[in-house]
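Just so it is clear, none of the values below were taken in a lab; they were calculated from the coordinates. Given the structure is predicted, the values throughout are model-derived calculations rather than measurements. All Cβ positions, even for glycine, are placed from backbone atoms using ideal geometry, and neighbour counts span all protein chains on display.
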Amino acid sequence: MSTRIGVIGAGMIGQDHIRRLTAVISGAHVVAIADADASRAIEIAAGIPGCRVVDASELVDDPEVDAVVVTSWGATHAEFVLAAIAAQKPVFCEKPLATTLADCERIIAAETALGRRLVQVGFMRRYDRQFRLLRTAVASGELGVPLLLHCAHRMGSVPAGYTTEQVVNDAIVHEIDTARWILDEEIVGVRVLPTRHNPSAPLSLTDPCLVVLSSESGVSIDVEASAHGAYGYDIRAEVVGQHGTSELVTERGPRIRASGRASRAIAEDWRERFVEAYDTELQEWVDQLGAGSSAHGPNSWDGLAATAVTDAIHRALTSGEEERIALPPRPDLYGALS
Ligand code: NAP
């Protein structure tokens, strides 16, 4: 039986997920859409047979909605996720889980009290084939003990007005989650290193932003986030281990030999780079709903840990010092880290 999904927030990623749920993946269909801009919701719902426009405050409790997708602004996520937990409905929430640690803790407390995991957070890199291969290489033990993780998040270009807060909360947050997931341990410290300013960037933007995270076992994870990467959207990661290294292969398509050089394409933006990962992410979530099991993907604890680290990066940007991260005890409900 197809799962009936209600979507809150029909902006950029919301529309992309609605398209995905409607036309790409199997086992689900969108029955309700809510958006702050009702005319936008009406226009999108009109293209989906049987889909209604509902007020966001009523969507979660709508008896015809089996599960909820939250793709509204980050600051609104906690309210909708808490409502879904109260209604005992599975909820897929785009990152961030919540914009404050206190709200993340409220969500963890509600889920823990219920005794069931209902929340999945949209850290889609865990569904990317290349990232999965990298994690498997580390887990296999072939590299020996992981020592370093080098990451680059080069965005090609960003909209006018893009801020350092967005570099941290929207870009580096993905490296935070993948580092925790690949290394299977928490981040406990954060430093921001000084860099030469990119002349293509406005002075108000920290670009490039160079962050060094430290894991519980002492692995150093350096993250270069460049908002004006210039040549394309390029996500890089390399694990250096005791016996060897493993890295993502990020170039796409066939190798072309022409004009005296051999080359392969680099994605233009994040939608192109991670299109299969987003598809797999929602397909696996829907498959789990269909099977009646709890979501296996990134959970509320992963959302809390990511927010704790982004908060620490903001502190480090101001202090210039290493900022330590003290997480609350992880409830048994969330099991092992990954
Ligand atoms: P967006 O284009 O601004 O879309 C957000 C939508 O939510 C807008 O249509 C907005 O309406 C609506 N909205 C805001 N508050 C609402 C409320 N209380 N009730 C109902 N609708 C509400 O933003 P976006 O780029 O799609 O991002 C949405 C979320 O997805 C963010 O948390 C972002 O971080 C996340 N995201 C994740 C990824 C990823 O790689 N995993 C990629 C992109 C975005 P109005 O504009 O009319 O106010």
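Tabulated results
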read-out	value
Candidates 93, 104, 51: whichever shows maximal mean-square fluctuation once the chain is modelled as a Gaussian network with Cα springs under 10 Å	51
Karplus 3J(HN,Hα) series, Hz, for the stretch 41-53 with 6.51 cos²θ - 1.76 cosθ + 1.60 (x for Gly, Pro)	4, 4, 5, 6, 4, 4, x, 10, x, x, 8, 10, 9
Amide H contacts under 5 Å for residue 98, placed H, 5+ residues apart	none
Amide H within-cut-off set for residue 30, under 5 Å, with H built and near neighbours excluded	5
Integer Hz, Karplus 6.51/-1.76/1.60 couplings in order for the stretch 151-164, x for Gly and Pro	10, 10, 10, 9, 8, x, 8, 9, x, 4, x, 4, 10, 4
Residues in the stretch 133-150 reached by a label modelled at residue 193 [backbone nitrogen below 19 Å; 7 Å Cα→Cβ]	147-150
Rel. contact order, % - alpha carbon contacts under 8 angstrom, at least six apart, the stretch 1-142	20 percent
Amide H contacts of residue 148 (H built 1.01 Å from N, under 5 Å, at least 5 apart or other chain)	240
Helical mean residue ellipticity (222 nm; -39500 (n - 2.57) per DSSP H run of 4+; nearest 500) of the chain	-9500 deg cm²/dmol
Prolate/oblate/rounded call for the chain, Cα gyration tensor, a/c under 1.5 rounded	prolate
3J(HN,Hα) from dihedral phi, the stretch 223-236, Karplus parametrisation 6.51/-1.76/1.60, rounded to Hz, x for glycine, proline	10, 9, 10, 10, 6, 10, x, 6, 9, x, 9, 10, 10, 10
GNM top mover of 264, 117, 106 - the chain, alpha-carbon springs below 10 Å	264
Stokes-Einstein D for the stretch 265-315, Kirkwood Rh over Cα pairs, 25 °C, 0.890 mPa s (µm²/s)	183 µm²/s
Whole-Å distance, taken between Cα centres, linking the stretch 117-189 and the stretch 36-64	33 Å
The stretch 190-338: translational diffusion in µm²/s, Stokes-Einstein, Kirkwood Rh over Cα pairs, 20 °C, 1.002 mPa s	113 µm²/s
Fluctuation leader among 14, 50, 229 - the chain, Gaussian network, Cα springs under 10 angstrom	50
Dipole moment magnitude, nearest 20 debye, the stretch 61-168 about Cα centre, only Lys, Arg, Asp, Glu C-beta charged	580 debye
